[in-house]
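Structure, as structure tokens:
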Amino acid sequence: MVSSAPHRVAVLVYDGVTLLDVAGPAEVFKEANRFGADYRIVFLSPTGADVTSNLGVRIAVDGAVASEPAADTLLVAGSDRYPRARVPGDLADATRIPAATAGRVASVCTGAFVLAAAGLLDGKRATTHWQVAHQLAAWCPTCRVEADAIYVRDGATYTSAGVTAGIDLALALVEEDHGPDLAREVARALVVYMQRAGGQSQF
């Protein structure tokens with residue numbers, strides 16, 4: 001059933017964020033609204049300042065994570081910078097704070113490293129891009145990394161594999177919220193698989 005209140009999707013962005021990690025899931029939620037869902041998508045940064053993506057495209061944000069009301073879904077996008085560098089403390093904090101009140105927390109691709117830095121993957125199952133899954137396991141030794149999964153749910157925490165897998169994850173979240181029929185309509189409109197066959201090993 002469609003909820004009477006808007007479902008707030010807060011997308012955490014920062015300098016160097018992978019643009020497709022942001023745009024892919026956002027497009028899924030926006031498209032779902034055409035078929036009866038009621039997602040309100042906001043883009044947040046650690047400080048409230050606009051950010052520059054990995055492609056040099058400027059992303060205008062709606063505010064800082066600390067100043068926004070609780071999100072129903074907190075989505076953390078990835079970056080090419082991680083795991084080549086450690087996640088900065090201010091970015092980890094900017095993830096940990098809204099995660100404490102969010103209904104569910106999700107990451108796309110190397111956004112899992114941001115969740116790990118915030119302590120949000122401790123003792124949980126998770127995935128990330130297959131090329132860096134071993135590094136996530138090293139960075140978060142209490143996390144059980146499933147390197148072949150397209151996305152993984154552990155309680156209210158969701159992680160997904162590389163880049164376009166954020167679309168798979170967003171479709172799964174839409175299906176969880178509104179059922180398979182609406183999610184299927186979104187997948188058809190976007191001309192993507194509702195649920196692709198196989199895992200990351202196919203690549």
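The values are calculated or read from the model by the stated rules, or taken from the named source; none is laboratory data. Model, not experiment: these values are computed from the prediction. As a convention, Cβ positions derive from the backbone with ideal geometry for all residues, glycine included, and neighbour counts pool all protein chains shown. Accessible surface areas use protein heavy atoms only, side chains included; no ligands, DNA or RNA. Shrake-Rupley method; radii C 1.70, N 1.55, O 1.52, S 1.80 Å.
Give me the residue from region 162-190 that is within 10 Å of the chain's Cα centre (by Cα) and open to solvent by less than 20 Å² (accessible area, probe 1.4 Å) and, out of that set, farthest from residue 129 (Cα to Cα).
This residue is 170.
Looking only at region 100-131, which residues are touching a Gly at 6+ places or on another chain (Cβ under 9 Å), outside any loop (DSSP other than H, G, I, E, B) and under 20 Å from residue 79 (Cβ atoms)?
Answer for region 100-131, where residues must be touching a Gly at 6+ places or on another chain (Cβ under 9 Å), outside any loop (DSSP other than H, G, I, E, B) and under 20 Å from residue 79 (Cβ atoms): 106, 107, 111, 112, 113, 114, 117, 130, 131.
So that you can scan it fast, the table gives a plain yes or no per residue for (1) touching a Ser or Thr at 6+ places or on another chain (Cβ under 9 Å); (2) within 22 Å of residue 178 (Cβ to Cβ); (3) buried (at least 22 other Cβ atoms within 10 Å of the Cβ); (4) of a type in the set (Val, Ile, Thr):
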{"site": "21", "(1), (2), (3), (4)": "yes, no, yes, no"}
{"site": "24", "(1), (2), (3), (4)": "yes, yes, yes, no"}
{"site": "29", "(1), (2), (3), (4)": "yes, yes, yes, no"}
{"site": "36", "(1), (2), (3), (4)": "no, yes, no, no"}
{"site": "41", "(1), (2), (3), (4)": "no, yes, no, yes"}
{"site": "51", "(1), (2), (3), (4)": "yes, no, no, yes"}
{"site": "70", "(1), (2), (3), (4)": "yes, yes, no, no"}
{"site": "81", "(1), (2), (3), (4)": "yes, no, no, no"}
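How many residues does region 1-42 hold that are under 18 Å from residue 110 (Cα atoms) and touching a strand residue (DSSP E or B) at 6+ places or on another chain (Cβ under 7 Å)?
12
When the residues of region 118-137 are filtered to those that are farther than 18 Å from residue 105 by Cβ and of a type outside the set (Val, Ile, Thr), which remaining residue is least open to solvent (accessible area, probe 1.4 Å)?
133
The conditions are (1) assigned to a loop (DSSP other than H, G, I, E, B); (2) in contact (Cβ under 8 Å) with a residue 12 or more places away in the chain; (3) open to solvent by 20 Å² or more (accessible area, probe 1.4 Å), and residue 56 fails exactly one of them. Which is it?
Unmet condition: (2).
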